[in-house]
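J.: I have a structure here, written as structure tokens, and I will follow up with some questions on it.
The values are calculated or read from the model by the stated rules, or taken from the named source; none is laboratory data. Everything numeric in this text was worked out from a predicted model, so none of it was measured. Please note: Cβ atoms are built from the backbone with ideal geometry, for glycine as well, and neighbour counts cover all protein chains shown. In case anyone asks, the SASA skips ligands and DNA or RNA and just uses the protein heavy atoms, side chains included. Shrake-Rupley method; radii C 1.70, N 1.55, O 1.52, S 1.80 Å.
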Amino acid sequence: MMMIGGTPVWVETDGGREVRIKWGEPDSTAAGLAEALGEAVSLAVREGVPPEHLIEKFLNLRFLPQGETTDPAIPAATSVADYLARHLAQAWLTPEQRRKLGVHDPDTVWPDAYRSS
């Protein structure tokens, strides 16, 4: 479990290209959409959609919650979808693929634009 802008979010991936996301109160709209997003990403990757295509679509999407995170590898995110994209990029992509998408590696300095002021 980690926090995005003070909101608890849980994202888990495994080597089999499965994604699970928990966000919001059980049975809430946010929880249902988060679960559906995880299932959709898992299904798409299993059916042959290259992960970098999905990651590119989710990067920098802006909606609440957003802001600093408690994940040291991803210090800030513009939304749950943006955090998911960055998490998947680190788990599934090569450094070259991440660089092409503009996803920062954990050991690089993050731009101030990603942090709340």
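J.: May I ask you to list pairs of residues, at least six apart or on different chains, whose Cβ atoms are under 6 Å apart, with the first in region 61-77 being at positive phi and the second being open to solvent by 70 Å² or more (accessible area, probe 1.4 Å) and among the hydroxyl-bearing types (S, T, Y)?
T.: These pairs meet every condition: G67/S116.
J.: Any idea which of L88, L61 is surrounded by fewer than 19 Cβ atoms within 10 Å (Cβ to Cβ) and either of a type in the set (K, R) or touching a Ser or Thr at 6+ places or on another chain (Cβ under 7 Å) (or both)?
T.: Result: L61 is the single residue among L88, L61 that is surrounded by fewer than 19 Cβ atoms within 10 Å (Cβ to Cβ) and either of a type in the set (K, R) or touching a Ser or Thr at 6+ places or on another chain (Cβ under 7 Å) (or both).
J.: Does D105 satisfy the condition of being modelled with pLDDT of 90 or more, over 11 Å from E52 (Cα atoms) and open to solvent by less than 70 Å² (accessible area, probe 1.4 Å)?
T.: no
J.: May I ask you to say which residue of L59, L64 is under 15 Å from L101 (Cα atoms) and not β-branched (V, I, T)?
T.: L59
J.: Yes or no: A44 free of Cβ contacts under 8 Å to residues at least 40 places away in the same chain, over 16 Å from A89 (Cα atoms) and surrounded by 14 or more Cβ atoms within 10 Å (Cβ to Cβ)?
T.: no
J.: Identify all residues within region 1-37 that are in contact (Cβ under 8 Å) with a residue 24 or more places away in the chain and either open to solvent by less than 40 Å² (accessible area, probe 1.4 Å) or assigned to a strand (DSSP E or B) (or both); write none if there are none.
T.: Within region 1-37, M2, M3, I4, T7, V9, V11, T13, V19, I21, W23, A34 meet the criteria.
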